[in-house]
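Worksheet: the structure to be examined is printed underneath.
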Amino acid sequence: MRIAKVYIKNFRGYGENNTTDEMYLFEHLNDADFVIFSGYNGFGKTGFFEAIEWCITGKIKGLQETDIYAKNTMKKSSYLKFQSRKEKREREVVVRIIFDNGWGVTRRTKCNALEENGYYDNLTDLNEQDIKQQFIDEKIKQWTGQLPDQIFKLSFNGQNRNTDFVKSTKAKDRTGSLLEFMGLKLLDDIVTESDPKKRRKLNSNYEKAKTEYSNVIMEVKRIDEIFKSNKWGSIEEYSKNIRMLLENINSYQGKMMKIGICQDSLLSYDTLNDLLNSFEKIRILKDTLEKQIAMDDRQIAEATKHRLQYEWNRIQHFLNSALLFKESNLTELEGEKSRFIRLREIYSESLNELNQMKQKILLDVVMPTPVKNDTSIGITKTEKEYYEICLNVYKDLQSVGMNFSISGNYKLDAYNIEREFRKSEKYVGFLKSLENIVSQQKTHFIEVEGILTEQKELLIQVQGYVNGQNEINSCPVCGGTEFIKENQNGKQELLEVISTRIAEGNLNLKERNDNLVKIEERLSDCHEKIKKIIRIKYQTNLNELNVEINRIKDSIVEACDLRIKCNELSFSNLGVRLSIVLTRINQINEFKEKYQLNIFEIEDIIRKKKEHKSIIEESLRIRFHMYDFENFSKEAEKMNVASILPLFKRRNLITKVTKYVDEILDFDIGTENRNILRQYEEKCQCSSKLESKVSLLEEAINFRSIINNNSKVMENNLIETLVENNELINWIYGKINPHPYFRELSLKIVKDETSILSAEDNDVYLDHIFSEAQMNVLSLSIFLGLILSINNYEFQQIFLDDPVQSLDDINVVSFIDLLRALIRSKHVNKNYIISTHDHNFSKLLKIKLRNYSFIEYRFISYGEEGPRINMVQSNILS
């Protein structure tokens, strides 16, 4: 797995690039054999490495491990966000990394620094879906075999990384740094923490617990001896005896709960303290039992009284049945039974008939709905039919009423509806003919009125015309001249003729109207006479008929109700008499079937029952002061053997429990001695806990020793394999050859301390005599030797931040030869991302490795928005 592309915006020294997305893009990081970042210091080369670290882990080791001076005085130098002098605005830090498998991650934040209060950032995948840091860790470990933090220890080397194990002043610190680099920090921590020298507190606690346990055991024995000296036996025997008695009481717990003596909680006896507390509960239980016994005695006495009353009732019932059996004739009783049954059947039939008759009168005799007719002259056919229906209802009711001596008062011959209907038709016909005449004359009057009106209008027009003329010699309508008299004015004569004609027309119309009014008045008088003769007579007779119908109907219903009431009373009385007879018959039959006695044996049985009854009466008088034996309570009627037995069962149960209660109270040692038992229990509980504690501490000491021994063996084996016997470290060191005399080195780890020695002379510690440049070569040799020796590590890139800093020219050439050898090797499948401020190194590197593909990012200058970068690509790659 390799990093293919890196996008940066507003991160550290990188501002916003002059591109569409304003991002600095570094691509082809996975394609070339090596990638060079060249340019002056401070232009952002180290920022590129830091951007990768922040994007993948959310941390930057070089910024977060700075001292107080750097964090406070040089605060802005440790800012995460790009600081622009020209423009003050809100910026967002964005870094995106895309790997060669197509997966990638983007981290964003608007915070200035990692250490500021309220710092936050946001993680998304390439589809802008939110993800968590844990998801990134899991993915990278899945593809590389290591978590991101460990990748930065194994694959990134520079000013702030992986030089501690060389530059540390203490050999012991160097060992820790070396183990951490190899991912073995947890193993080193286990070895350190399980060291016997660090378990003094554990040993002290173990000895202290052993002493406390011994003291407690001695105290327990002393208390037990005190208890035995008071003749209570051993504490174990004492508690065992009480537990047995408490178990006996608890065995009756369910039965006592059913009868309501105790609550649902059992007596506890798990500990001695529970046993001592049980004495108080037992005393309460004893008081409850004594109260219950007194209550049961009263209930048993009451139950005995009711039982005697119940027995007296049974004997009395027997004596009554025996006397009935002795004195009654069963045949006569059966005859009375049959007679009463027959009479009840007769009354039942009569009641059914009466109820049916009443229902028929109420339901069947229903008056028809009166006919509504707007005519006010005579009788219509519908009204005639309605009267006939009412008449038939009246006749039916009269026939029913005869059964109850009820008759009607309406005279059937006083009004003949048929005759009246014919008379009505005759009068109605006459009126209709008269109405036709009036209608015709009205029509004629209207026609004449129309003609006269037209004539009048014409004469008025002629009159107007004549008035408009000076002289008239002839009629302007007909041309006649006969109206003109001699020596008279024709105009005046014509106007007089016209006036006369208009007056004659009005007079004729008035006469006709007066005649029509007289005829209409005569018609109205006829209407009133016919109404009195026909209509009112009909309505009067119909009302009288309806009144009689309702009166007869109500009278019949009232008579039915009276007879029904009498029959029901007789039916009920017969039922009572029949019940008495049936009771006697049943008593005789039950007595015969139950006792199988004949008339001769009955006398002796009656005598014995009377004697038994006398004994019961004597007992009730003496014990319960009862003298009225006939009026017993209802409780005596319900009392039987089944209802009195539970009282005796409860009494027996209470007696048994009381026995165990008394036995337990005999073991009560008194309040003053209970503290002895409580002390004993406390000491026993304490001893049990101390015993467990001693056992656990002993196991912890042994387990810690085993862990320390095993972890030390494992750690030594790993260090020996990866460090002391690592020939690749010496080979890389020899290739660079930083010292003319000390050409080989040796890493020795003794008692957790790592020493860097000369292979030629083990008394010479190289880290004590080497210069800064030689120490950088030493650190780089160990870093590369270890990373190239690790198996099952699939991150195939090595990042080197300014590896040739302070190196001599000869060492620079040697380092380039080493790099060429690593790239050429078939055993090393990695590419290298290298930064440098040395232009000559960059140039020499490209010359000597001209046969290999490379990408160069030249940081040529620095502006207001960060560095200006040119990318140079080798011909082989293109």
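Computed quantities for the displayed model
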{"read-out": "Where a residue in region 33-45 is closer than 10 Å to SER861 by Cα and its partner, wherever it lies, is of a type in the set (Asp, Glu) and surrounded by fewer than 21 Cβ atoms within 10 Å (Cβ to Cβ), with Cβ under 8 Å and at least six apart", "value": "none"}
{"read-out": "Residue in region 424-433 that is of a type in the set (Asp, Glu) and within 30 Å of LYS510 (Cα to Cα) present", "value": "no"}
{"read-out": "Test for ARG850: is it in the same structural domain as MET1 (by TED's automatic domain parsing) and out of contact with any helix residue (DSSP H, G or I) (no Cβ under 9 Å at 6 or more places or on another chain)", "value": "yes"}
{"read-out": "Residue check for ILE790: farther than 30 Å from LYS86 by Cβ and of a type in the set (Val, Ile, Thr)", "value": "yes"}
{"read-out": "From ILE534, ILE502, ILE602, ILE580, residue being of a type outside the set (Lys, Arg), out of contact with any Leu (no Cβ under 8 Å at 6 or more places or on another chain) and without any contact (Cβ under 8 Å) to a residue 60 or more places away in the chain", "value": "ILE580"}
{"read-out": "Conditions (1) over 30 Å from ASN18 (Cβ atoms); (2) in contact with a Lys or Arg (Cβ under 9 Å, 6 or more places away or on another chain); (3) of a type in the set (Phe, Trp, Tyr): number failed by PHE859", "value": "(1)"}
{"read-out": "In region 532-545, residue nearest to LYS358 (Cα to Cα) [restricted to those that are crowded, with 17+ Cβ neighbours inside 10 Å and not aromatic (Phe, Trp, Tyr)]", "value": "LEU545"}
{"read-out": "Of all residues making up region 16-39, the number that are touching a strand residue (DSSP E or B) at 6+ places or on another chain (Cβ under 7 Å) and part of a loop (DSSP other than H, G, I, E, B)", "value": "10"}
{"read-out": "Restricting region 790-804 to residues that are aliphatic (A, V, I, L, M) and out of contact with any helix residue (DSSP H, G or I) (no Cβ under 6 Å at 6 or more places or on another chain), the residue that is surrounded by the fewest Cβ atoms within 10 Å (Cβ to Cβ)", "value": "ILE790"}
{"read-out": "Qualifying residue in region 139-157 (condition: modelled with pLDDT under 95, crowded, with 20+ Cβ neighbours inside 10 Å and of a type in the set (D, E, K, R))", "value": "yes"}
{"read-out": "Condition met for ASN506 (closer than 30 Å to ILE446 by Cβ, in a helix (DSSP H, G or I), assigned by TED's automatic domain parsing to the domain that holds VAL438 and at pLDDT below 70)", "value": "yes"}
{"read-out": "Region 590-632, subset at pLDDT below 75 and among the polar types (S, T, N, Q), residue farthest from LEU323 (Cα to Cα)", "value": "ASN631"}
{"read-out": "Looking only at region 364-401, and only at residues there that are among the small types (Gly, Ala, Ser) and part of a loop (DSSP other than H, G, I, E, B), the one that is modelled with the highest pLDDT", "value": "GLY378"}
{"read-out": "Residue among TYR427, TYR465 that is touching a Pro at 6+ places or on another chain (Cβ under 9 Å) and either surrounded by 12 or more Cβ atoms within 10 Å (Cβ to Cβ) or outside any loop (DSSP other than H, G, I, E, B) (or both)", "value": "TYR465"}
{"read-out": "Residue in region 475-501 that is modelled with the highest pLDDT, counting only those that are under 25 Å from LEU452 (Cβ atoms) and of a type in the set (Gly, Ala, Ser)", "value": "SER499"}
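Conditions (1) crowded, with 18+ Cβ neighbours inside 10 Å; (2) assigned to a helix (DSSP H, G or I); (3) at pLDDT 90 or above; (4) among the small types (Gly, Ala, Ser), marked per residue:
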residue	(1), (2), (3), (4)
MET775	yes, yes, no, no
ILE782	yes, yes, no, no
LEU818	yes, yes, no, no
LYS826	no, no, no, no
ILE834	yes, no, yes, no
ILE860	no, no, yes, no
ARG868	no, no, yes, no
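The values are calculated or read from the model by the stated rules, or taken from the named source; none is laboratory data. Quick caveat: nothing in here was measured; it's all calculated off a predicted structure. Because the Cβ atoms are built from the backbone with ideal geometry, glycine has one as well, and the counts that use them run over all protein chains shown.
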